[in-house]
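Everything below concerns the one structure shown next.
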Amino acid sequence: MKTHLENLNWRYATKRFDENKKISAEDLSALKEAVRLSASSYGLQPYHVLVIEDEKVKEQLREAAFNQPQLTESSQVFVFAS
């Protein structure tokens, strides 16, 4: 079984998404809950998390992010704003 630190060290940047696959409502709910429960400074969570699903907004984000295709290929985009 992997330790917590091994799980944290295993990470990579996703370069492309399969536009035909969408994250399930259950998985999206689990991700939102994981973000909500994540540790932050003083337990205050000094940020807002926006889940972007609107295609027009994702296109605007893509333009602002140097045309990175991940923003429009993904089913949702999590934006952390402080």
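The values are calculated or read from the model by the stated rules, or taken from the named source; none is laboratory data. Owing to the predicted nature of the structure, the values given are computational and were not obtained by experimental measurement. Every residue, glycine as well, gets a Cβ built from its backbone with ideal geometry; the counts of neighbours run over all protein chains shown.
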* Asked: If you scan region 1-38, which residues turn out to be farther than 14 Å from Gln76 by Cβ, in a helix (DSSP H, G or I) and basic (Lys, Arg)?
  -> Arg36
* Structure fact -> Over region 29-78, the set of residues surrounded by 10 or more Cβ atoms within 10 Å (Cβ to Cβ), among the hydrophobic types (A, V, I, L, M, F, W, C) and within 22 Å of Leu8 (Cβ to Cβ) is Ala30, Leu31, Val35, Val49, Phe78
* Asked: Considering region 40-51 alone, what residues qualify as being outside any strand (DSSP E or B) and either under 11 Å from Ala81 (Cβ atoms) or at pLDDT 85 or above (or both)?
  -> Pro46, Tyr47
* Hey, could you check region 52-69 for residues that are touching a Lys or Arg at 6+ places or on another chain (Cβ under 7 Å) and either in contact (Cβ under 8 Å) with a residue 24 or more places away in the chain or part of a helix (DSSP H, G or I) (or both) and say which is farthest from Asp27 (Cα to Cα)? => Pro69
* Structure fact -> Reported set for region 63-82 where residues are within 18 Å of Lys21 (Cβ to Cβ) and under 14 Å from the mean Cα position of the chain (by Cα) is Gln70, Leu71, Thr72, Glu73, Ser74, Ser75, Gln76, Val77, Phe78
